[in-house]
Amino acid sequence: MKDANTLKTLKKRTRAVHSGTRRSQYGEVSEALFLTQGFVYDSAEAAEARFIETGPDEYIYARYGNPTVRMFEDRIAALEGAEDAFATASGMAAVNGALVSMLRAGDHVVAARALFGSCLYILEEVLTRYGVEVTFVDGTDLSQWESAVRSDTKAVFFESISNPALEVIDIASVSRIAHAAGALVIVDNVFATPVFQDTLGLGADVVIYSATKHIDGQGRCLGGVILGSKTFIRKTVEPYLKHTGGAMSPFNAWVMLKSLETMELRCRAQASASQTIAEALEGQPGIARVIFPGLPSHPQFALNGAQMETGGTVIAFEIEGGQAAAFRFLNALEIITISNNLGDAKSIITHPATTTHQRLTEDQRQGLGITRGLVRLSVGLEDPEDLIADLMGAMTAAQGA
Ligand SMILES: *Cc1c(COP(=O)(O)O)cnc(C)c1O
C-alpha cells in the first residue's frame with residue numbers, strides 16, 4: 001500500500017482509486033462502510049483525552065467525522081489538489097457552510113448573478129438577513145468585478161460553468177481582482193467537475209461540489225464537499241458544520257467514495273458525447289440556438305478552452321416556438337428523461353423557466369437568458385447515436401404538432 005505522500009506523485013486516475021483508503025484489521029480490498037454514529041473509548045480518561053484533542057484517526061461522533069466520510073474527504077482532496085476537505089449532507093449544505101462559517105454582519109460579498117436557484121437564495125435571502133451585504137455582477141464582465149470588489153469585500157462567489165445558461169467565468173482574472181482586496185475566492189465547481197478544471201490552480205481558494213451530481217454520477221445519494229486550505233477547512237468550516245448538523249452520512253460517503261473510482265471515465269465519456277450532440281444540434285431546424293462551451297459559437301469558447309479541458313457534460317438549447325414547443329419536444333423524447341438533476345448516467349432534460357428557475361421573476365429570467373424555449377440537457381452514458389436519434393425524432397414531432 002502506497003502512503004499518502006507517494007500517492008501524491010501519481011496520476012489523477014490512480015489517486016481516484018487509492019487515495020484516502022483506510023484498512024481495518026480485516027484487510028478488506030473494497031473500502032469498509034463504517035455505519036456507526038458513535039465510537040467506544042477504552043476508559044473514561046481516554047474519552048476525556050479525545051475531547052481535549054482528537055487525533056487524525058480518532059472519532060467522537062458521526063456529526064463530527066467518521067472513517068468512511070474521512071476516506072471520501074481525503075480521496076476528493078487528493079483529486080482536487082486541496083490540502084483538506086469537509087463532506088456535507090448536500091451541495092447546498094456545502095454552499096451554506098462555506099459562506100456562513102466565514103462571514104459576519106457588516107461583511108461584503110460579490111457574486112455572479114447567474115447561479116443555481118438555491119445558491120441565489122442563500123446569497124439574496126439568507127446572508128442579507130444577517131447583515132451581510134451582497135453585490136451581484138454579470139460574472140462574464142471583468143469590469144463589473146473590478147468596480148464591485150471593495151476593501152471590505154470578504155468573499156467572491158460564482159459558478160463556472162454557470163447553471164443553466166452555461167456562462168464561463170475567467171477564474172484567474174476574478175481571483176486576481178479578489179485577492180488584491182484580500183477577499184476569498186469561492187467557486188461552485190459542479191459543472192466543471194473535479195476532472196476537467198484545476199480550479200485551485202487557476203487561483204480559487206475554496207472549491208465546492210454538489211457530490212449529488214457527477215461524483216455520485218448515478219443518481220442515488222445527496223452529498224456535498226468543501227475543499228480548501230487545512231486552516232480554512234478545520235478552523236472555519238468544521239466548527240460551524242459539526243455543530244449545526246450538515247455532515248455527510250457514512251452510507252452516502254461510501255457510495256461517493258466508490259463512485260470517485262469511476263468518475264473520470266464517466267465524465268470523459270459524457271463530455272465527449274456532449275460535444276458530439278452539441279455539434280449535431282447546432283443549425284438544426286427548430287433549434288434557435290445551442291449553448292455549449294465546446295462550440296466556437298459560445299461567447300466564451302476561447303476562455304473555456306484555456307481553463308477547462310472539455311465543454312462539460314451539459315448542453316442548453318433554445319427551441320423555436322417558446323414554452324409550448326419546448327414542452328411538446330420534452331414530451332416526445334423516448335430515452336432522455338424529464339428530471340431536474342444532472343451529472344447522472346441517465347440523460348436528463350429540464351425546462352428551467354418552469355422548474356429550477358420558476359421562483360425568479362420574468363425579468364430576472366430574461367437577464368439570465370432563461371427564455372421560455374430554453375431546455376437544459378445533462379448528457380448521460382448512453383450511446384450518443386441513440387441520444388441524437390431521440391433528440392431529432394422529438395424535434396420532428398414537436399414541429400409537426
Ligand atoms: C445541484 C447544485 C447545487 C446543490 O446541490 P444539492 O446536492 O442538490 O444540494 C449547487 N450548485 C450547483 C451548481 C448545482 O448544480
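The values are calculated or read from the model by the stated rules, or taken from the named source; none is laboratory data. Quantities reported herein were computed from a predicted structural model and do not represent experimental measurements. In this analysis, Cβ positions are derived from the backbone assuming ideal geometry, glycine residues included, and neighbour counts consider all displayed protein chains.
Could you please let me know if Phe136 is closer than 23 Å to Val195 by Cα and touching a residue at least 12 places away in the same chain (Cβ under 8 Å)? Answer is no for this residue.
Here Gly245 clears all of (1) buried (at least 24 other Cβ atoms within 10 Å of the Cβ); (2) over 22 Å from Asn341 (Cβ atoms); (3) within 16 Å of the ligand (Cβ to nearest atom) except the condition numbered (1).
In the set (1) surrounded by 22 or more Cβ atoms within 10 Å (Cβ to Cβ); (2) at pLDDT 95 or above, Glu83 fails one condition alone, (1). Every condition in (1) among the polar types (S, T, N, Q); (2) buried (at least 22 other Cβ atoms within 10 Å of the Cβ); (3) over 20 Å from Phe116 (Cα atoms) holds for Thr199 except the one numbered (3).
With respect to being charged (D, E, K, R), more than 16 Å from the ligand (Cβ to nearest atom) and at pLDDT 95 or above, Glu382 fits the description. The residues on offer are Leu381, Leu330, Leu377, and the sole one that is farther than 25 Å from Pro299 by Cα and in contact with a strand residue (DSSP E or B) (Cβ under 7 Å, 6 or more places away or on another chain) is Leu330.
Taking residues in region 191-204 that are farther than 22 Å from Asp344 by Cβ and small (Gly, Ala, Ser), and partners anywhere that are within 16 Å of the ligand (Cβ to nearest atom) and in a helix (DSSP H, G or I), the pairs with Cβ atoms closer than 8 Å and at least 6 places apart or on different chains are Gly203/Ile171; Ala204/Ile171.
Gln270: assigned to a helix (DSSP H, G or I), modelled with pLDDT of 95 or more, under 17 Å from the mean Cα position of the chain (by Cα) and not assigned by TED's automatic domain parsing to the domain that holds Ala93, yes or no? Yes; evaluated as a whole, the condition is true for this residue. Among helices (runs of 4 or more DSSP H) entirely within region 12-103, having at least 2 residues that are more than 16 Å from the ligand (Cβ to nearest atom), over 30 Å from Val126 (Cβ atoms) and without any contact (Cβ under 8 Å) to a residue 12 or more places away in the chain singles out 44-52. Of all the residues in region 219-242, those that are under 30 Å from Gly380 (Cβ atoms) and surrounded by 16 or more Cβ atoms within 10 Å (Cβ to Cβ) number 8.
Each residue in region 317-343 was checked for being within 16 Å of the ligand (Cβ to nearest atom) and either assigned by TED's automatic domain parsing to the domain that holds His214 or surrounded by fewer than 21 Cβ atoms within 10 Å (Cβ to Cβ) (or both), and 3 pass.
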